[in-house]
1. Mind checking which of 299, 308, 276 has the largest fluctuation in a GNM of the chain, springs on alpha carbons under 10 Å?
2. Would you mind classifying the chain by shape? Square roots of the alpha carbon gyration tensor eigenvalues, ordered a ≥ b ≥ c; an a/c under 1.5 is rounded, otherwise it is prolate if a/b is larger than b/c and oblate if not.
3. Which Cα, out of 291, 312, 383, lies furthest along the positive dipole direction of the chain (beta carbon charges, K/R +1, D/E -1)?
4. So, counting K/R as plus one and D/E as minus one, what does the shell of residues with Cβ under 9 Å around residue 377 add up to?
5. For region 52-114 and region 344-379, compute the distance between their C-alpha centroids and round to whole Å.
6. For the chain, give the share of DSSP beta bridges that are antiparallel, in percent and rounded to the nearest 5; count only bridges with both residues there.
7. Which value at 222 nm does the chain reach when only helices count, each DSSP H run of 4 or more adding -39,500 (n - 2.57), with the total divided by all residues and rounded to the nearest 500 deg cm²/dmol?
8. Taking the Cα centre of region 287-447 as the origin, how large is its charge dipole in debye, to the nearest 20, when only Lys and Arg (+1) and Asp and Glu (-1) carry charge on their Cβ atoms?
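Coordinate-derived values only; no laboratory data. Here the structure is a predicted model, which is why all the values come from computation and not from measurement. We place every Cβ from the backbone using ideal geometry, glycine too, and count neighbours over all the protein chains shown.
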Amino acid sequence: MNQNSFSKACRDAGTEFALSRMSRIAVLAFLFLGCWASVSADFQGSTHMMPFDEDTIAYSKTVANDAVMALQKKLDSGEATLKFEEDFGYARSLLKELKVSESSQMLVFSKTSLQRERITPQNPRAVFFSDDVYVGFIPGAPLMEFATVDPKLGGVFYSIEQKKMERPRFVRNDQCLECHASAKTMGVPGHLVRSFATDEAGIVDLASGTSLVNHRTPLADRWGGWYVTGKHGDQLHRGNLIGAAAFERQLKEPNHLGNVTDLGRFFDVSRHLRNQSDIVALMIIEHQAHMHNFITRLQYESTIAIQQYSHVNYLKNTVTAFLKYLLFTDEVQFTSPITSSSEFATHFTSLGPRDSKGRSFRELDMRTRLLKYPCSYLIYSAAFDALPKLIKSTIYTRLADVLSGKDTSADFQGLKPETRLAVAEILLDTKPDFAEFWKRSRSVAVSE
Ligand code: HEC
């Protein structure tokens, strides 16, 4: 049984009534063990809800310290102003002020949003992102949507009215948590990327897909409900397929809507800032959204553990899972090269930082895998840096052991010695607190 049909069997286990009592128990025991084994083999992190509105985290009561609040202050003081355009409202001006590149544009036509009735395959929602801001823009919709990354709170959600105003105001909107804080965001307020087949109107077929897409998701399961531009050779995916007929044709004529560079055949692209829904941008956001949720999950779990026990010893498995994701173990392998359809790839790569040999975690591979040096660039993010000291030193201890080769556990065996060395060298050059930690721990090891 492959992973997908097996997970489906796991889901269906509770609805199996036709069996006799004994065989039902045997089947359930088998499924339970099987589900357990498949979950642990493909561990993406815990997903049960964290109590984020209790006193320790106090999510809703805490004013965010993020890019949107910083821009609001500038708007209030007159240091920044927004330009309203007939076609796009504040979209272009907001992206500029929030330093989010237009080249990151991706288009999703499945009806998933607070403004779902505005989204159709003819009027898809554009999503843009940077390291700490995600933006949603639907042509003609009354609101623009924003999800930021607050270093302590995780995902924080805002909307702004798309009409010409004297004083444009972001409104924090915790209604968004209905979808943005669930098992699909690892039980914390966070970010979502999914893949479902839709009908001709963009209505999602919930039985058809993957509710949590990240860098481990096979390409064949990705991008249901999304437009995709860029080249990917003979690799199949579900992007650009709208309605059952398109999916059926895909069976006989693989990639009949693959390797697309022009979306004009699907809808009027002039209502959007760009005519692209870039494949590389999609793959980066898929890595990033889950990484952000993981960082938030660790922030919450460790803050609560420290308050309760004054230590984080119970979080060892979480740290292992976190590091596995950070270091791209179990990443899906490409079978053909993938190329960007916009200048997104160049933009992303240019962001650095680079080490003394010019290497950076943002260099793309795109022949067999996403990044040339498999370590998430979000290790430089304010959210990673805001993790409590105790959990950060637990992460650094294990990371140093993995990179130095001292850790020989099966979890990291896929990392080749030269990869470990390159990642260690880049980190030592570009991440000062890790370099400090490494120096200290090595000198202790030598003097022991
Ligand atoms: C009905 C469920 C639902 C609600 C409510 C909802 N969203 Fe989302 N949102 C989604 C889904 C699902 C995605 C991912 C797109 C996809 O894969 O279809 C998403 C993606 C996003 C993204 C881009 C990626 C990310 O997660 O950061 C932003 C930004 C966003 N939503 C903002 C908001 C804001 C702001 C609100 C509240 C005003 C909101 N959303 C309410 C379902 C919802």
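1. 308
2. Numbers: a/c = 1.38, a/b = 1.11, b/c = 1.25.
Rounded.
3. Among 291, 312, 383, the one farthest towards the positive end of the dipole of the chain is 312.
4. Details: positive: 362; negative: 131.
Residues near residue 377 contribute 0 overall.
5. Here the answer is 26 Å between Cα centres.
6. So the antiparallel bridges in the chain amount to around 95 percent.
7. Details: 13 runs with 160 residues, N = 448.
Helix-only estimate at 222 nm: -11000 deg cm²/dmol.
8. 260
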